[in-house]
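For reference, the structure is listed below as structure tokens.
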Amino acid sequence: MNWPHFHSPWALWLLLLVPLLAWDALRRESRRRASIRFPGAGDFSSLPQSWAHRFRHLPLALRLLALTALVVALARPQASQSFEETDTLGLDIALVLDVSSSMRTMDFQPRNRLFVAKQVLEKFVLGRKHDRISLVVFAGRSYTQCPPTLDYDVLVGLLRQVDFGRVQDGTAIGTGLLNAANRLRGFGSKGKVMILLTDGVNNSGEVSPVTAARAASALGIKVYTIGVGKDGEQPLEVDDPVYGRQVVMVKTEIDEPMLREIAQITGGKYYRAQNSEALDAIYHEIDGLEKVEIKTSRYTQYREIFPSIAAMGVILLLIAIILAHTRFRRAP
């Protein structure tokens with residue numbers, strides 16, 4: 001922790017006014033003369049002084065402290081955490097999640113496939129320590145929900161926001177893989193992993209899944225593929241424009257040969273999950289992957305602390321004014 005850091009350090013030059021004001025106030029004090037004179041007052045000089053007389057400069061001291069605090073607050077002090085680069089054991093991971101309408105299928109009762117997948121992914125993310133993780137989602141098109149990060153709280157928050165309907169429907173597996181590969185290619189580590197979860201057949205996008213897998217392999221990325229969903233007809237939630245949300249029976253179609261080929265091309269592995277327990281076990285197995293040394297970077301974050309200093313200055317000023325007009329009030 002590096003403290004203090006001032007956002008506007010030029011304001012600290014105003015602190016030069018504090019000793020000047022103190023000197024001027026004490027000079028004026030020494031020149032003051034009593035308005036009423038008494039003959040023969042010398043005998044009173046030996047009497048003990050009251051505490052009010054001993055602390056007669058307290059209001060002035062409080063005003064000067066208040067001024068100091070307000071000037072420091074004007075400079076905007078900030079608590080800072082500096083940049084840090086370390087070598088740790090971990091992986092660069094891209095989570096690739098299918099959000100096509102077929103993920104509404106409710107064969108993981110009482111929830112649909114996407115809901116269960118998000119729960120398992122959240123548990124997986126929070127179990128990591130030193131891995132850079134990104135989140136890519138796809139349906140008819142693909143987009144990055146979260147770039148590579150070590151801030152797992154932010155990642156989990158963005159994961160919880162993933163939902164249907166953000167992009168056109170479809171299953172563009174190749175586009176999702178290529179997008180995730182772009183998230184990982186900027187890192188020079190040897191431990192780059194992609195975990196693809198889908199329940200369908202590629203039917204959208206301009207890039208075939210096999211082509212995207214070859215591109216990932218060329219970048220040294222292993223792809224672990226997961227086909228999610230039970231065999232046979234399963235209940236699916238659909239939005240009917242007339243009758244509203246309906247549940248219909250549909251048959252699961254997963255292109256398992258294609259998912260196996262993707263894993264084989266990149267040196268990964270194909271899994272099939274037909275219930276939430278199996279899906280959790282798959283991510284637990286992937287969690288035990290051998291880690292390699294990666295370089296992680298942390299950047300400076302600032303926290304404003306000037307409000308508390310400014311508040312302290314205002315309180316000191318109010319106390320000084322109250323004392324000057326009550327116990328330490330002086331006769332003209």
query: Does region 47-62 contain at least one residue that is modelled with pLDDT of 80 or more and touching a strand residue (DSSP E or B) at 6+ places or on another chain (Cβ under 8 Å)?
result: no
- line: Taking region 240-274 and keeping residues touching a helix residue (DSSP H, G or I) at 6+ places or on another chain (Cβ under 9 Å) and more than 20 Å from Ile221 (Cβ to Cβ) leaves Val250, Thr252, Glu253, Asp255, Arg272, Ala273
Number of positions in region 213-237 that are over 14 Å from Ile195 (Cα atoms), in contact (Cβ under 8 Å) with a residue 40 or more places away in the chain and not charged (D, E, K, R): 4
query: If you go through region 74-124, how many residues are of a type in the set (Phe, Trp, Tyr), crowded, with 17+ Cβ neighbours inside 10 Å, at pLDDT below 90 and not in a strand (DSSP E or B)?
result: 0
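Which count do you get for residues in region 125-137 that are in a helix (DSSP H, G or I) and not hydrophobic (A, V, I, L, M, F, W, C)?
Let us first name the residues in region 125-137 that are in a helix (DSSP H, G or I), namely 125-126.
Now drop any that are not not hydrophobic (A, V, I, L, M, F, W, C), which leaves none.
Total meeting the criteria: 0.
Quick one: which residue in Lys129, Lys190 is at pLDDT below 95 and either small (Gly, Ala, Ser) or in contact with a strand residue (DSSP E or B) (Cβ under 6 Å, 6 or more places away or on another chain) (or both)? Reasoning before the result, please.
Numbers: Lys129 fails: either small (Gly, Ala, Ser) or in contact with a strand residue (DSSP E or B) (Cβ under 6 Å, 6 or more places away or on another chain) (or both).
The unique qualifying residue is Lys190.
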- request: Scan Gly165, Gly157, Gly205, Gly176 and give me the residue that is over 21 Å from Val238 (Cα atoms), surrounded by fewer than 16 Cβ atoms within 10 Å (Cβ to Cβ) and either in the same structural domain as Val125 (by TED's automatic domain parsing) or in contact with a Pro (Cβ under 7 Å, 6 or more places away or on another chain) (or both).
  value: Gly157
query: Can you pull out the strands (runs of 3 or more DSSP E) entirely within region 220-332 that have at least 3 residues that are modelled with pLDDT of 80 or more and over 31 Å from the mean Cα position of the chain (by Cα)?
result: 233-240, 244-251, 270-273
message: Can you report the number of residues in region 12-46 which are outside any helix (DSSP H, G or I) and at pLDDT 60 or above?
response: 1
message: For region 264-287, which positions are in contact (Cβ under 8 Å) with a residue 24 or more places away in the chain and acidic (Asp, Glu)?
response: Asp280, Asp287
- request: Report yes if some residue within region 178-186 is at pLDDT 95 or above and among the charged types (D, E, K, R); otherwise report no.
  value: no
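Filtering region 154-169 down to residues that are of a type outside the set (Lys, Arg) and touching a helix residue (DSSP H, G or I) at 6+ places or on another chain (Cβ under 9 Å), which residue is farthest from Arg128 (Cα to Cα)? Can you show your working first?
Restricting attention to region 154-169, the residues satisfying the condition of being of a type outside the set (Lys, Arg) are 154-159, 161-165, 167-169.
This time we only want the ones that are touching a helix residue (DSSP H, G or I) at 6+ places or on another chain (Cβ under 9 Å), so: 155-156, 159, 162-165, 169.
Working: Leu155: 12, Val156: 12, Leu159: 15, Val162: 20, Asp163: 24, Phe164: 27, Gly165: 29, Asp169: 32 Å.
Result: Asp169.
The values are calculated or read from the model by the stated rules, or taken from the named source; none is laboratory data. Owing to the predicted nature of the structure, the values given are computational and were not obtained by experimental measurement. Every residue, glycine among them, receives a Cβ derived from its backbone with ideal geometry; neighbour counts consider all protein chains shown.
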